[in-house]
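The structure under discussion appears below in the form of C-alpha cells.
The values are calculated or read from the model by the stated rules, or taken from the named source; none is laboratory data. From a predicted model like this one, the values you see are computed outputs, not experimental measurements. Using ideal geometry, Cβ is built from the backbone for each residue, glycine included, and neighbour counts are taken over all protein chains shown.
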Amino acid sequence: MRRYRRNSMSGRTRKMLIGGVALAIAGGAVAVGTGVSSAAENCVGLDQALRNNLQFIAGQRANPDALSDARIANRQAVVDLINQRRAVAGCTADVAASVPGAAAGSAAGSPTKPAKPPKTTAPAAPPAAGTGAGQVVCKGSTVTLSGESGAPFASSGTFPIGTVLKVTNLDNRKSTTVKVQTTSGSCVLLNNAAFEQVREPGKFLIRHAVIEKIG
C-alpha cells in the first residue's frame, strides 16, 4: 500500500514538472518573439537581456528547488532565441552571467544546452481596451520576468530608462506600476518582485496583458 502511494505521488510530480517545462518553453518563445521591432537590432539591449537570463539560470542551478528545471528550460529557450537575434544583428560581445560561480558553459557563445528551433506560437490577441490610466502601448505583447532581483522595476528595449509603465494582467485583473531601470530586447520585462505582483500561481508568462505608458 505504501509503495503504491509513493509511486502515485511520483507520477503526479512528473506530470506537473513536464507540464511546467512545456509552458515555460512556449512562454520563453513568445516573450522574445513579440514586442520587438527596431529594438531587435540593438546589441546593447540584446546583450543585457541575454545577461539577465543567463544570470537567472545560474542562480537556479546554484539554489535549485522543485520548479527549477521548468524555469531553466523556459530561460534556455529565451537564451536560444536571443542568440539568434544577436547573430542576425551582428552582436559580438562575450556575454556571461555575473553570478559568482556560474558555469563557464553559460556564456553566449557556448550555451549549456543544444540550441532548439523556436516553437511556432500564435500571437496573442490584442486587448480590447486599456485600464484608463495611461496610453496603451505594445499592443498584443506578452510579459515575462527578467530574473533581476530588488524592488519592483521593469526593463525595456522600447522605452528609455525613467519611463513609468503600468502592466495589467487581464487574466486576474492584477496590475503593477513600475519604472524602467534597465534595457532589454522586449517591450517590457518585469523583475522578480514586480512579476510576483501580477502573476498567476505557477505561471511564468502573462499572455493577456495591457501595457500603458504613464505620464
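Taking the criterion of being under 18 Å from N42 (Cα atoms), surrounded by fewer than 20 Cβ atoms within 10 Å (Cβ to Cβ) and in contact with a helix residue (DSSP H, G or I) (Cβ under 8 Å, 6 or more places away or on another chain), the only residue of segment 159-200 that qualifies is T182. Pairs are defined by a Cβ separation below 8 Å, a sequence spacing of at least 6 or placement on different chains, a first member in segment 149-177 that is within 24 Å of L54 (Cβ to Cβ) and free of Cβ contacts under 8 Å to residues at least 24 places away in the same chain, and a second member that is buried (at least 18 other Cβ atoms within 10 Å of the Cβ) and among the hydrophobic types (A, V, I, L, M, F, W, C); the pairs so defined are I161/V180. Please specify each residue of segment 174-198 satisfying the condition of being assigned to a loop (DSSP other than H, G, I, E, B) and over 12 Å from the mean Cα position of the chain (by Cα). If the condition is that a residue be assigned to a loop (DSSP other than H, G, I, E, B) and over 12 Å from the mean Cα position of the chain (by Cα), then T183 is the only one that fits. Quick check on segment 47-54. Is at least one of its residues among the polar types (S, T, N, Q), modelled with pLDDT of 85 or more and more than 19 Å from V188 (Cβ to Cβ)? No: zero hits. Once segment 77-98 is narrowed to residues that are of a type in the set (A, V, I, L, M, F, W, C) and part of a helix (DSSP H, G or I), the residue that is nearest to the chain's Cα centre (by Cα) is V78.
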